[in-house]
Amino acid sequence: MRQANLFMMSAAMLLAACGGTKDAGKTDQVLIEKSNIKIEGKRMTPEALWAMGRIGGFTVSPDGKKIAYTVAYYSVPENKSNREVFVMNADGSDNQQITRTPYQENEVTWIKGGTKLAFLSNDNGSSQLYEMNPDGSERKQLTNYDGDIEGYSISPDGKKLLFISQVKTKESTADKYPDLPKTTGIIVTDLMYKHWDEWVTTAPHPFIADFDGNGISNVVDILEGEPYESPMKPWGGIEQLAWNTTSDKVAYTCRKKTGLEYAISTNSDIYVYNLNTKETKNITEENKGYDTNPQYSPDGKYIAWQSMERDGYEADLNRLFIMNLETGEKRFISKAFESNVDAFVWGADAKTIYFTGVWHGESQIYALNLANDSVKAITSGMYDYEGVALFGDKLIAKRHSMSMGDEIYAVALDGLATQLTQENKLIYDQLEMGKVEGRWMKTTDGKQMLTWVIYPPQFDPNKKYPTLLFCEGGPQSPVSQFWSYRWNFQIMAANDYIIVAPNRRGLPGFGVEWNEQISGDYGGQCMKDYFTAIDEIAKESYVDKDRLGCVGASFGGFSVYWLAGHHDKRFKAFIAHDGIFNMEMQYLETEEKWFANWDMGGAYWERQNPVAQRTFANSPHIPVNPQEQDTCGCGKKGCLEQYASATGIVRIAEKLRKENGNTALPAGCTAKQVFDYAKEGDELAMQAVEELGRYLGLALASCACVLNPEGIVIGGGVSRAGKILLDVTEKNFQTYVFKPCRNVKFSLAELGNDAGIYGAAAMVN
């Protein structure tokens, strides 16, 4: 749930994606090499997709004559990859693979005047810095640091090494209980206890060391004793730190917050650490949103960085700022570009900044003239460029599209692009890709929406094709000309589907207003935009209107769920991955509370907050009673939430009273009275408890079929009913549950309705 720039990933993430360092140093590892796959029928297949080499980072030699880069090769049987280093001439000729190991070679950089290549590798048990000749010979380990080096940068004078490594910030269970050395439990004492799939027990810190070309010494932790992250989790890498031109200062990105503040705020800053005085200065304190990715100008007079204005809004406009280091003057220089500035690089003369950014469904390279802050597009076409860098009098970048994965291109300043790598030519030559076209469609509120349409190979307009609506995630990530190894449009097209991928409301590249028209309104105009896309394409004679489906992940998964309940019989199939299926649980479970507070408008218990209440009114509830006539707070009827509470059991009892008043249960009764009278044998009260147990048992059976739990604990006010409710719930559960999931232990929460209070108190203490 974030708008993340994934152009530069830290070595930590690369290592994690490839199995980390746990297998490092083993000589029996399988060498994963480039595939020689043979493809039948010229159609994209999963096997073809996974056989493709994936180009990583690249670096240009100081004299501009050589380019080094990395490629990852994957093995499905081994369920892992390894990354190798390649070197080629500036024109793409004489391309040579210079490493061939089962380990991971990452973050390759030219050093020592271009005579050597530095890189990270895990071949001795941890990620360390190595060097080798440009032909791969004389491989030599340069560091033996006690911990993984996850990213690095050598100072301009070549005498210092800036690197990233993890420091322990939280006690583990084994630390706290030394007599239990094998325990793996996590002690949660703070709100921000996890970053996506990673438990927060450490923090990355920037370290500076003396570097003599052969090793490091005098290692200093810039954030020693501080619990903060630099770079920031979970996506940050070495791009969040930068040397100045005189090698005596380091700028770094950091969000110096802990606890609740950390969980609700995106307010990071750019700090400058002085190696001589050991002093640190915050240069962006006045800005309350994200400040990230500093870069010093080549003449040393300025520093540039990316900046978001508003605290808590991670999809805010990502602006480019510069600061005059002599006067302290700061300037928002990318006003002319009403979209996000992604990767950027200073021009050699410090008068121009080149950057990539999405506009109208394409990520192009732009030139920003610092004399007047004007912005000019350098590239064009149905492509996405990323990772721009200087390349003599040209630029260099990776480029991909919906029809081709990443390759490296040289880009002249007049926009002429020359492909330098041919990593997957063998595979592409065996494939026929489906045609991709952009269509502008009129939305229900009279706006124009760009929609990508991908056709099957050998498309025949006289035939009819099943058609898929693609729902983008994020929710604020662009539907640009992306190439995905998960949601690959060409695989879908190869199976004779037409794919419709709209740039619905809430996506960048169409102005700030368009991007922001989703926060607090997940079920609003963005969903109408989806209907516009599928309805417009369905007008075509070649679209089989009886075979429409929709697919998506993350917010796209939520979109699929929402569309399933509102599609008015448009769709016949739904595929959702990793989507929100209950808004209340999303709010309670997300670790990035700033996201939920901004995009949902607040917490579901904020009854006077109209934005939050609109959000949670669209929360999918579990239906348990199709005969219900009264409406739930979510707008549907017969939801579990209408019954499974103290007020719910009272409501059931009062309804039964109106139908059959033969009861000793007093009018205006409480939930406790309902259960007490049921225990004494009152027929109507017993009927009310039975009805509640039926709804609870049905809902829990549905959940158990997905979760297959070992036990179910019933808490809250209804838990005071005791064994009478437990028995009837378990009985109905066994009636409805899938047979393999029946072995479940039912229990009552011992803290009852006070559990939330105890939990809140524990958080405070």
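The values are calculated or read from the model by the stated rules, or taken from the named source; none is laboratory data. The shown structure was predicted, so the numbers you read here are calculated from the model rather than taken from an experiment. Backbone-built Cβ (ideal geometry, glycine too); neighbour counts: all protein chains shown.
Looking at the range 46-65, I want the residues that are without any contact (Cβ under 8 Å) to a residue 60 or more places away in the chain and have a partner that is assigned to a loop (DSSP other than H, G, I, E, B) and surrounded by fewer than 18 Cβ atoms within 10 Å (Cβ to Cβ) with Cβ atoms under 7 Å, at least 6 apart or on another chain. Which pairs are those?
As it stands, the answer is Glu47/Ile37, since those pairs meet every condition given.
Of all residues in the range 526-547, how many are of a type outside the set (A, V, I, L, M, F, W, C) and farther than 17 Å from Ser559 by Cβ?
Initial filter on the range 526-547 (of a type outside the set (A, V, I, L, M, F, W, C)): 528-530, 532, 535-536, 539-542, 544-547.
From the residues that got through so far, the ones that are farther than 17 Å from Ser559 by Cβ too are 536, 539-542, 544-547.
Number of matching residues: 9.
Hey, can you tell me all the residues within the range 430-455 that are assigned to a strand (DSSP E or B) and touching a residue at least 60 places away in the same chain (Cβ under 8 Å)?
If we filter the range 430-455 for residues that are assigned to a strand (DSSP E or B), which is where we start, we get 436-442, 448-454.
The answer is Gly438, Arg439, Met441, Lys442, Met449, Leu450, Thr451, Trp452, Val453.
I'd like to know if the range 581-589 contains one or more residues that are over 21 Å from the mean Cα position of the chain (by Cα) and of a type outside the set (Phe, Trp, Tyr).
Restricting attention to the range 581-589, the residues satisfying the condition of being over 21 Å from the mean Cα position of the chain (by Cα) are none.
There is no residue in the range 581-589 that is over 21 Å from the mean Cα position of the chain (by Cα) and of a type outside the set (Phe, Trp, Tyr).
What number of residues in the range 482-540 are among the charged types (D, E, K, R), assigned to a helix (DSSP H, G or I) and closer than 27 Å to Thr45 by Cβ? Spell out the reasoning first.
Within the range 482-540, the subset among the charged types (D, E, K, R) is 486, 496, 504-505, 513, 516, 521, 528-529, 535-536, 539-540.
Retained after the next criterion (residues that are assigned to a helix (DSSP H, G or I)): 513, 516, 528-529, 535-536.
In the following step, the residues that additionally are closer than 27 Å to Thr45 by Cβ were identified as none.
Qualifying residue count, the range 482-540: 0.
Restricting to the range 173-226, count the residues that are surrounded by 11 or more Cβ atoms within 10 Å (Cβ to Cβ) and not in a loop (DSSP other than H, G, I, E, B).
Residues that pass the stated criteria total 22.
Among the residues of the range 275-286, is there at least one that is modelled with pLDDT of 95 or more, in contact with a Cys (Cβ under 6 Å, 6 or more places away or on another chain) and surrounded by 19 or more Cβ atoms within 10 Å (Cβ to Cβ)? Spell out how you get there, then give the answer.
Restricting attention to the range 275-286, the residues satisfying the condition of being modelled with pLDDT of 95 or more are 275-286.
This time we only want the ones that are in contact with a Cys (Cβ under 6 Å, 6 or more places away or on another chain), so: none.
No: the range 275-286 contains no residue that is modelled with pLDDT of 95 or more, in contact with a Cys (Cβ under 6 Å, 6 or more places away or on another chain) and surrounded by 19 or more Cβ atoms within 10 Å (Cβ to Cβ).
With respect to the numbered conditions (1) in contact (Cβ under 8 Å) with a residue 12 or more places away in the chain; (2) in a helix (DSSP H, G or I), which one is the sole condition not fulfilled by Met686?
Exception for Met686: condition (1).
Residue check: is Glu131 surrounded by fewer than 20 Cβ atoms within 10 Å (Cβ to Cβ) and within 23 Å of Ala242 (Cα to Cα)? Before you say what the answer is, go through the steps one by one.
Working: surrounded by fewer than 20 Cβ atoms within 10 Å (Cβ to Cβ): yes; within 23 Å of Ala242 (Cα to Cα): yes.
For Glu131, the condition - surrounded by fewer than 20 Cβ atoms within 10 Å (Cβ to Cβ) and within 23 Å of Ala242 (Cα to Cα) - is met.
Name the single residue that is surrounded by the most Cβ atoms within 10 Å (Cβ to Cβ) among those in the range 629-662 being over 21 Å from Val718 (Cα atoms) and either of a type in the set (Val, Ile, Thr) or touching a strand residue (DSSP E or B) at 6+ places or on another chain (Cβ under 6 Å) (or both).
Filtering the range 629-662 down to residues over 21 Å from Val718 (Cα atoms) leaves 629-631, 634-637, 658-662.
If we keep only those that are either of a type in the set (Val, Ile, Thr) or touching a strand residue (DSSP E or B) at 6+ places or on another chain (Cβ under 6 Å) (or both) as well, we get 631, 637.
Numbers: Thr631: 12, Lys637: 15.
Checking each candidate, the answer is Lys637.
Being among the basic types (Lys, Arg) and touching a strand residue (DSSP E or B) at 6+ places or on another chain (Cβ under 9 Å) is the filter; apply it to the range 224-257 and report the residue that is farthest from Glu107 (Cα to Cα). Working first, answer last.
Taking the range 224-257 and keeping what is among the basic types (Lys, Arg), we get 233, 249, 255-257.
Retained after the next criterion (residues that are touching a strand residue (DSSP E or B) at 6+ places or on another chain (Cβ under 9 Å)): 233, 249, 255-256.
Working: Lys233: 19, Lys249: 22, Arg255: 25, Lys256: 27 Å.
Across the range 224-257, the extreme among qualifying residues is Lys256.
Select, from Asp23, Asp91, Asp28, the only residue that is part of a loop (DSSP other than H, G, I, E, B) and at pLDDT 95 or above. Step through it out loud before you land on a result.
On the way: Asp23 fails: at pLDDT 95 or above; Asp28 fails: at pLDDT 95 or above.
Just one listed residue meets the conditions, Asp91.
Starting from residues that are of a type outside the set (Gly, Ala, Ser) and surrounded by 20 or more Cβ atoms within 10 Å (Cβ to Cβ), keep the ones in the range 360-374 and report whichever is farthest from the chain's Cα centre (by Cα). Break it down into steps so the answer makes sense when it comes.
Kept after step one, since they are of a type outside the set (Gly, Ala, Ser), are these residues of the range 360-374: 360, 362, 364-366, 368-370, 372-373.
Then drop every residue that is not surrounded by 20 or more Cβ atoms within 10 Å (Cβ to Cβ), which leaves 362, 364-366, 368.
Working: Glu362: 20, Gln364: 22, Ile365: 23, Tyr366: 25, Leu368: 29 Å.
This residue is Leu368.
Identify all residues within the range 148-172 that are crowded, with 17+ Cβ neighbours inside 10 Å and in a loop (DSSP other than H, G, I, E, B); write none if there are none.
Kept after step one, since they are crowded, with 17+ Cβ neighbours inside 10 Å, are these residues of the range 148-172: 148-155, 160-165, 167, 170.
Scanning the range 148-172 gives Asp148, Ile149, Glu150, Ser155, Lys170.
Go through Gly136, Gly147, Gly125, Gly114 for me and flag whichever is touching a residue at least 60 places away in the same chain (Cβ under 8 Å), of a type outside the set (Asp, Glu) and at positive phi. Spell out how you get there, then give the answer.
Values: Gly136 fails: touching a residue at least 60 places away in the same chain (Cβ under 8 Å); Gly147 fails: touching a residue at least 60 places away in the same chain (Cβ under 8 Å); Gly114 fails: touching a residue at least 60 places away in the same chain (Cβ under 8 Å).
Answer to the selection: Gly125.
Which of (1) at pLDDT below 85; (2) of a type in the set (A, V, I, L, M, F, W, C); (3) surrounded by fewer than 17 Cβ atoms within 10 Å (Cβ to Cβ) is the odd one out, the single condition Val611 does not satisfy?
It fails just one condition, (1).
Among the residues of the range 167-194, which ones are among the polar types (S, T, N, Q) and either in contact with a helix residue (DSSP H, G or I) (Cβ under 8 Å, 6 or more places away or on another chain) or within 23 Å of Leu117 (Cβ to Cβ) (or both)? Even if it seems obvious, please write down each step before you answer.
Within the range 167-194, the first condition is being among the polar types (S, T, N, Q), and the residues that meet it are 169, 172-173, 183-184, 189.
Across the range 167-194, the qualifying residues are Thr183, Thr184.
Being exposed (fewer than 15 other Cβ atoms within 10 Å of the Cβ) and closer than 26 Å to Glu150 by Cβ is true for just one of Asn89, Asn106, Asn79. Which residue is that?
Details: Asn89 fails: closer than 26 Å to Glu150 by Cβ; Asn106 fails: exposed (fewer than 15 other Cβ atoms within 10 Å of the Cβ).
Matching residue, one of Asn89, Asn106, Asn79: Asn79.
Check Glu606 against each of (1) in contact with a helix residue (DSSP H, G or I) (Cβ under 7 Å, 6 or more places away or on another chain); (2) surrounded by 16 or more Cβ atoms within 10 Å (Cβ to Cβ) and name the one condition it does not meet.
The failed condition is (2).
Hey, can you tell me all the residues within the range 704-738 that are modelled with pLDDT under 85 and assigned to a helix (DSSP H, G or I)?
Answer for the range 704-738, where residues must be modelled with pLDDT under 85 and assigned to a helix (DSSP H, G or I): Cys705, Val706, Leu707, Gly717, Val718, Ser719, Arg720, Ala721.
Assess whether Glu628 counts as being without any contact (Cβ under 8 Å) to a residue 60 or more places away in the chain and outside any loop (DSSP other than H, G, I, E, B).
Numbers: without any contact (Cβ under 8 Å) to a residue 60 or more places away in the chain: yes; outside any loop (DSSP other than H, G, I, E, B): no.
For Glu628, the condition - without any contact (Cβ under 8 Å) to a residue 60 or more places away in the chain and outside any loop (DSSP other than H, G, I, E, B) - is not met.
For the range 131-145, which residues satisfy the criterion of being under 14 Å from Ile216 (Cβ atoms), part of a strand (DSSP E or B) and in contact with a Leu (Cβ under 7 Å, 6 or more places away or on another chain)?
Across the range 131-145, the qualifying residue is only Glu131.
Any idea which of (1) surrounded by fewer than 15 Cβ atoms within 10 Å (Cβ to Cβ); (2) within 23 Å of Asn515 (Cβ to Cβ); (3) of a type outside the set (Phe, Trp, Tyr) is the one Thr292 doesn't satisfy?
(1)
Restricting the first residue to the range 293-322 and requiring it to be without any contact (Cβ under 8 Å) to a residue 60 or more places away in the chain and closer than 26 Å to Pro475 by Cα, which pairs with a second residue that is among the acidic types (Asp, Glu) and assigned to a strand (DSSP E or B) meet a Cβ separation below 7 Å and a spacing of at least six or different chains?
Between residues of the range 293-322 that are without any contact (Cβ under 8 Å) to a residue 60 or more places away in the chain and closer than 26 Å to Pro475 by Cα and residues that are among the acidic types (Asp, Glu) and assigned to a strand (DSSP E or B), the close pairs are Trp305/Asp291; Ser307/Asp291.
Return the only residue of Lys655, Lys672 being under 23 Å from Glu641 (Cβ atoms), assigned by TED's automatic domain parsing to the domain that holds Pro626, without any contact (Cβ under 8 Å) to a residue 12 or more places away in the chain and in a helix (DSSP H, G or I).
Working: Lys672 fails: without any contact (Cβ under 8 Å) to a residue 12 or more places away in the chain.
After ruling out the rest, the residue left standing is Lys655.
For the range 341-355, indicate whether the set of residues that are buried (at least 19 other Cβ atoms within 10 Å of the Cβ) and over 21 Å from Ile238 (Cβ atoms) is non-empty. First the steps, then the outcome.
Taking the range 341-355 first, the residues buried (at least 19 other Cβ atoms within 10 Å of the Cβ) are 341-346, 353-355.
When the remaining residues are screened for being over 21 Å from Ile238 (Cβ atoms), the result is none.
There is no residue in the range 341-355 that is buried (at least 19 other Cβ atoms within 10 Å of the Cβ) and over 21 Å from Ile238 (Cβ atoms).
How many residues are in contact with a helix residue (DSSP H, G or I) (Cβ under 8 Å, 6 or more places away or on another chain) and part of a loop (DSSP other than H, G, I, E, B) when one looks only at the range 377-414? Break it down stepwise before answering.
Taking the range 377-414 first, the residues in contact with a helix residue (DSSP H, G or I) (Cβ under 8 Å, 6 or more places away or on another chain) are 402-404.
Now narrow it down to the ones that are part of a loop (DSSP other than H, G, I, E, B): 402-403.
Here the count works out to 2.
So in the range 456-473, with the set limited to residues that are surrounded by fewer than 20 Cβ atoms within 10 Å (Cβ to Cβ) and part of a loop (DSSP other than H, G, I, E, B), which one is nearest to the chain's Cα centre (by Cα)?
Residue satisfying both the conditions and the ranking: Pro457.
Do we find a residue being modelled with pLDDT of 95 or more and crowded, with 19+ Cβ neighbours inside 10 Å anywhere in the range 413-420?
Keep residues of the range 413-420 that are modelled with pLDDT of 95 or more, which gives 413-420.
Cutting the leftovers down to crowded, with 19+ Cβ neighbours inside 10 Å gives us 417, 420.
Among the residues of the range 413-420, at least one is modelled with pLDDT of 95 or more and crowded, with 19+ Cβ neighbours inside 10 Å, which makes the answer yes.
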